[in-house]
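So the structure is just underneath, and the comments pick up after that.
The values are calculated or read from the model by the stated rules, or taken from the named source; none is laboratory data. None of these values were measured; they are calculated from a predicted model. Note that each Cβ is placed from the backbone with ideal geometry, even for glycine, and that neighbours are counted across all protein chains shown. In case anyone asks, the SASA skips ligands and DNA or RNA and just uses the protein heavy atoms, side chains included. Shrake-Rupley method; radii C 1.70, N 1.55, O 1.52, S 1.80 Å.
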Amino acid sequence: MNLTETQLKRWRPLLFELFVAVSLAVAYFYMVRNFFAYGDPMSFNLFTAGSEKLFRLDQPFMGSSFNGRMSGLLLTGALTDSSLIANTGNAAQLHRLINVFGLYHASWLLLFFVCIVFALRHSLFVILGVFAGLIYNFSPTSGPYFYPWDGPAMLFFTLAALFFERRKLWMMAVAICAGAFFKETVLVCALLIFFADQWKWPKRALLFGGLIAVYIVVKKFLLVHLNIIAPMFSPGDALHLRGSFGPSTFIGNAVNNFRDLFSPTLNSVIFVNAGTLVAVLVLGWQKRFLPYMIVIAAFIGGLSLFSPRPGFHEVRAFMEVLPLSVILLSVLWSEHVAAAPGPEAGTGSLWSVRPTFPLLSPIVIAVIALTTSIVTLQFYVLFEDLQPANQAHSPLGKYVYNGGKTATLETLSQLFQSGYADTELKLGINAQLEHRDAEAEARYERAIEMDTNSIFALNNLATMLATDSDAQLRDGSRAVNLARHACDLTQYHEPVLIYTLAAAYAEAGQFTDAVAAAAQARSLALERGEPDLASQNEPLVNLYKAGHPAHLQP
């Protein structure tokens, strides 16, 4: 059957936009893939956490918030297990896992683009705007974080808004429910239910409460049956509800996050999502956009109140509202162009949908069915392995590779984590230079976790804990332990490290020890021909003699 000229004109823009979508997804694959092995160690840890062979869902770094995001963890765990083929060698496995990591994130982005193309009549603006916003995730202020739930959460968050716009409320509820098990913040879209004026208020309240209840009950079921001890609902990684909802938690998180938001750096988080977040918050408050603006405002408010530091600096957290922001701005822009005189005038809102919009429902159902099947199977495998009768022969926590050699989790992780400490150290130094002290401390902590003998990380963290102007970030006793460890590693032959130890003693209130350590460092500096080092520390020594810590230096 030959296509008519009219049909070609109708399908040509869609096919072109699909081509652009594929091209951008391929580029994203190559941009993301290497961050698995050579970027932030959490990208590796979380991607493999739900694996049967590298199981770590019960590890402390997972926290209560991470463990609630079970769909992404189990899905990537299943991909990890399918990629780790025994007796193929370390290099081959590393290469394969890197590609799987990149393909996972690129596939979710491509799926998102396809849904946008089928949904919106002029989707190219939205696709390019979203891709531009994602690029900010590669900036130094963000850090190389690429977690299993971010792409799916962005997709289902956007689908919820698209289905609501067409008043397909049950499909909206399905998208919210599926997305919540990738990341609980998708539940904020449930607020749209209260704007469904075709339903009476009791029905709206029932659906809203039902979505919350389903999430809590199923999450608790999954955690209990995987022997994971975590609260049923505890945002911000608090250990109990009181810790999550206490006024001190709210106020502390909000103050820290908004202080970071307005920090005077070129890398400021105000540029997040390619500037579209700030733009929509300024321009989007119109009656017709009110449901979506309420959702965006609630999302940001929840992030500021429940997310502890580094909080806003992890700009990947804002991905969920990126597409909705771009869509609303595209509507405003198209209307501006349509109102303009001359040949530039447009023909309507970009919010208008394509005739292919009905394809979204079967696509979404198919995606949910596929991912849920994989997640369910992986959950069953882990559940069976954790039974007492199976633990003796379970591969959980170990993996056989390279000709039958048995490797523990730590041994295999070491293959991927080579260079992580140095990466975290460099990112910490960068954050410290930009006065993002909380992030710098977190980076140094991670560097030390990767390499307990990283002298520079030990010294830099000890210095910050002993001298930071923020009292909440100082810890004298911890600084002493870190500085001593650095000095022990160098056999007390480095005057800079000993000066750090002196500052740590002073912060801990051990001023006699501080003066003695400073004197030792001064003598050693003069012996090594470094009089400038000795002289620049004299004001600090005088502070210690007067019984004052280093952070009081004028």
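Computed over segment 121-216, the P(r) curve from all C-alpha pair distances, binned at 10 Å from the origin, holds 15, 39, 29, 15, 2 percent per bin.
In the context of the full protein assembly, Arg522 retains an accessible surface of approximately 100 Å², using a probe radius of 1.4 Å and ignoring ligands and nucleic acids.
Only aspartates and glutamates eight or more places from Lys545 in sequence, or on another chain, were considered; those with a Cα closer than 15 Å are Glu507, Asp513.
Packing order of peptides 298-304, 536-542, highest average first: 298-304, 536-542 (average count of other Cβ atoms within 10 Å over each peptide's residues). Heavy-atom accessible surface of Asp513, to the nearest 10 Å², is about 70 Å², with a 1.4 Å probe and all protein chains retained. The length gained on full extension between Leu94 and Phe195, counted as 0.36 nm times the residue separation minus their Cα-Cα distance, comes to 31.5 nm.
Ordering of 283-290, 468-475, 451-458, 183-190 by packing is 183-190, 451-458, 468-475, 283-290, highest average first (other Cβ atoms within 10 Å, averaged per residue).
Between the amide H of Lys53 and any residue lying 5 or more places away or on another chain, no distance stays under 5 Å, with hydrogens modeled in the peptide plane. Stretched out straight at 0.36 nm per residue, the stretch from Ala213 to Ile270 would grow longer than its current Cα-Cα span by 17.1 nm.
Under 1.5 on a/c is rounded, so check that first for segment 465-540, then, if it is not, pick prolate when a/b is larger than b/c and oblate when it is not; a ≥ b ≥ c are the square roots of the alpha carbon gyration tensor eigenvalues. Verdict is prolate for segment 465-540. Applied to segment 357-374, the Karplus parametrisation 6.51 cos²θ - 1.76 cosθ + 1.60 on θ = phi - 60° returns per-residue 3J(HN,Hα) values of 3, x, 5, 4, 4, x, 4, 5, 4, 5, 5, 5, 4, 5, 5, 5, 4, 5 Hz, with x for Gly and Pro. Label separation (Leu283 vs Asp58): 5.3 nm, computed from points 7 Å beyond Cα along the C-beta direction. For Leu120, the residues whose amide H sits under 5 Å from its own are Arg354, ignoring neighbours fewer than 5 places away on the same chain, with H placed 1.01 Å from N. Taking 0.36 nm per residue of separation and subtracting the current Cα-Cα distance, fully stretching the chain between Ala471 and Leu359 would add 34.7 nm. For a 30 Å ceiling on Cα separation, which of these pairs sit above it: Lys220/Lys426; Lys53/Lys183; Lys203/Lys287? Those over the limit are Lys220/Lys426. Using the Cβ-Cβ distance between Asn453 and Tyr380 with R0 set to 56 Å, the FRET efficiency from 1/(1 + (r/R0)^6) comes to roughly 0.85.
Could you put Tyr380, Tyr544 in order of accessible surface area, largest first, with the 1.4 Å probe and the full protein assembly present?
Values: Tyr380 130, Tyr544 5 Å².
Sorted by accessible area, descending: Tyr380, Tyr544.
Measuring r between the beta carbons of Arg10 and Ala369 and using R0 = 35 Å, the FRET efficiency lands at 0.70. Let me make sure I get this right: for segment 95-154, a, b and c are the square roots of the gyration tensor eigenvalues over alpha carbons, sorted descending. Under 1.5 in a/c it's rounded, otherwise prolate if a/b > b/c, else oblate. Which is it? It is oblate, given that a/c is not under 1.5 and a/b is not larger than b/c. Phi-derived couplings, Karplus 6.51 cos²θ - 1.76 cosθ + 1.60 at θ = phi - 60°, listed residue by residue for segment 434-443: 8, 6, 9, 5, 4, 5, 4, 4, 4, 5 Hz, with x used for Gly and Pro. The 3J(HN,Hα) values that the Karplus relation (6.51, -1.76, 1.60; θ = phi - 60°) gives for segment 508-516 are, in residue order, 7, x, 9, 6, 4, 5, 5, 5, 5 Hz. Gly and Pro appear as x. Cβ-Cβ distance of Ala519 and Lys426, R₀ of 45 Å, FRET efficiency by 1/(1 + (r/R0)^6): the value works out to about 0.85.
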